[in-house]
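The structure appears below as structure tokens.
The values are calculated or read from the model by the stated rules, or taken from the named source; none is laboratory data. This structure is a prediction, so every number in the text was calculated from the model and none was measured. All Cβ positions, glycine included, derive from the backbone under ideal geometry; neighbour counts span all protein chains shown.
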Amino acid sequence: MLEMTIMKITQVEPQKKNPKRFNLFLDGEFAFGADEDLVVNRRLVVGKIISAEELDKILFEAEVGKLMEKMYRLWNIRQRSEREIRNYFRIKGKEEISQLAIDALVETLKKKGMVNDLEFAKAWVEARRRKQKGIRAIKAELFQKGIDKEIIEEALRLIDTRSGQVSEEDLAKLALEKKLKYWKNLPALEFRKKAFEFLMRRGFEYDVVKEVVEKASHLM
């Protein structure tokens, strides 16, 4: 069927499980599924004549559309970086997904504003700082997610210039305060060791940790 030069759409019906997706029939036989956007943009209506060349393009766009549906489900969990998206579709799933389809998906997501590594980095910085994570840890996490160094620095700069932004030292203090009630009866040396190791694991810079622990020790 697909080797014919010219084909006609003979039926377009919504899928039972997802009415925003449609089953399309060419010359009386099921050919492929498509999302609502593809049906509208390509004007895939009954009676339309499709060439073999045009069908190849439509099938490719249909594949990208299926990937978009998966992306919407991922977005319900959290925003993703470009590398995370590429890795997800390259590694996950049983079916093989072409690199061209992944590239087209990323471009579509960028046009829709759903992929923006700077916005992703800013949101990540804000979320991690609310959990009293240090700059060193945040940088490492963003780097692992494929965010360029320049974008990471820009995100941190934009967050730091906001009014009311909590300083790195204040964040370290907040993180340590949660542990003080458990460590208040420890010998001074043991307290300093635990506090120092804890804040370093949280990703704070050495100088910040040293100053915060020093001040906390005098209050014990």
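Checked against the criterion of being farther than 30 Å from residue 152 by Cβ and touching a helix residue (DSSP H, G or I) at 6+ places or on another chain (Cβ under 8 Å), the candidates 42, 80 yield just one match: 42.
Residues checked against (1) surrounded by fewer than 18 Cβ atoms within 10 Å (Cβ to Cβ); (2) closer than 30 Å to residue 200 by Cα; (3) in contact (Cβ under 8 Å) with a residue 60 or more places away in the chain; (4) among the β-branched types (Val, Ile, Thr):
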| site | (1), (2), (3), (4) |
| --- | --- |
| 99 | yes, no, no, no |
| 105 | no, no, no, no |
| 118 | yes, yes, no, no |
| 127 | yes, yes, no, no |
| 150 | yes, yes, no, no |
| 153 | yes, yes, no, no |
| 158 | yes, yes, no, no |
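If we keep just the residues of the stretch 178-207 that are surrounded by 11 or more Cβ atoms within 10 Å (Cβ to Cβ) and among the small types (Gly, Ala, Ser), which is nearest to residue 131 (Cα to Cα)? Ranking the qualifying residues of the stretch 178-207, first place goes to 203. When we screen 198, 143, 204, 191 for residues that are aromatic (Phe, Trp, Tyr), outside the structural domain of residue 75 (by TED's automatic domain parsing) and either modelled with pLDDT under 90 or within 30 Å of residue 68 (Cα to Cα) (or both), the only hit is 143. Taking (1) out of contact with any Leu (no Cβ under 6 Å at 6 or more places or on another chain); (2) surrounded by 13 or more Cβ atoms within 10 Å (Cβ to Cβ) in turn, residue 46 satisfies each apart from (2).
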